[in-house]
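The values are calculated or read from the model by the stated rules, or taken from the named source; none is laboratory data. Computed from a prediction, not measured in an experiment: that's the story for all the values here. A quick note on method: Cβ atoms are made from the backbone with ideal geometry, for glycine too, and the neighbour counts reach across all protein chains shown.
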């Protein structure tokens, strides 16, 4: 029989065995010098055995591959966090939304509604965390002398209609205060800082907020309010970790001041220290984005969280609702029993 015909016959025989993978297996020597001394007959016998149908061939696994006792190959070892999808629907009580709890110590993102958790939306007033960080770092805000003069313009929120300092402006989410701060930071510095931080799409091209359909008063709008800048809930947690995590490049005094203003009031109800900021945005008068993002200090390590709510028919979408959902989730994740119903 000619050589080509013989090979074709062998291939046909192999294909008739369902258990055989039909792959050639290269035996890797694990015997050191002893195998070098093996007779040609022994080598031939081993080769013949490895090619018999139904015989389990030994394959050298990569060093980073994990194999269970039965030989099933599982996920490779990695230093990158894994994403675990969680059934947190009950926490949302009919709201259309997403949640992320990022636990760097466990190398895990716990997410609800993964698609939405990776969808970029306007950060709204959660961006006050970032503008505060950059302003404190660059000396635009002096914590000891932070009061700004009210222009006299009457705003819809009466708590904004007076001179106001940094702590109060952050707590009351005073837009005109942070509009002034951001203008003093300047577009060039802001862009450099956001690029370094890796904040969402880093797009501040609509500096004056002209894309915001809900407000044309420059004192009350900007690129962070239903405009060019966008970030996903998952990215929010990553940014929080870059600011407050062990590898943070930001000065300790800046981070401590930021933690002070982010500290959740009445947090003794939580049993753990929680820091965060709400945010809410509208289009044509309808709330389309609501947030609460931040982190919690839990038994010596930080966990970073974000809850996002989008427009939901027949539901009152607010940042307060997002905050309450987030606090309950963080409480349960950290194993703390607490009633957050009236946390401010």
Revision key, fill the gap. Inside the stretch 78-118, the number of residues satisfying the requirement of being touching a residue at least 60 places away in the same chain (Cβ under 8 Å) and either assigned to a strand (DSSP E or B) or closer than 17 Å to residue 238 by Cα (or both) is 15
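Conditions (1) assigned by TED's automatic domain parsing to the domain that holds residue 133; (2) in a loop (DSSP other than H, G, I, E, B); (3) buried (at least 17 other Cβ atoms within 10 Å of the Cβ); (4) touching a strand residue (DSSP E or B) at 6+ places or on another chain (Cβ under 7 Å), marked per residue:
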position	(1), (2), (3), (4)
205	yes, yes, no, no
211	yes, yes, no, no
227	yes, yes, yes, no
291	yes, no, yes, yes
297	yes, no, no, yes
Exercise for review: Scan the stretch 299-319 for residues that are free of Cβ contacts under 8 Å to residues at least 60 places away in the same chain and in contact with a strand residue (DSSP E or B) (Cβ under 7 Å, 6 or more places away or on another chain) and jot them down.
Suggested key: 318
**Study point:** Which numbered condition residue 187 misses (of (1) out of contact with any helix residue (DSSP H, G or I) (no Cβ under 7 Å at 6 or more places or on another chain); (2) at negative phi; (3) surrounded by 15 or more Cβ atoms within 10 Å (Cβ to Cβ))
**Key:** (3)
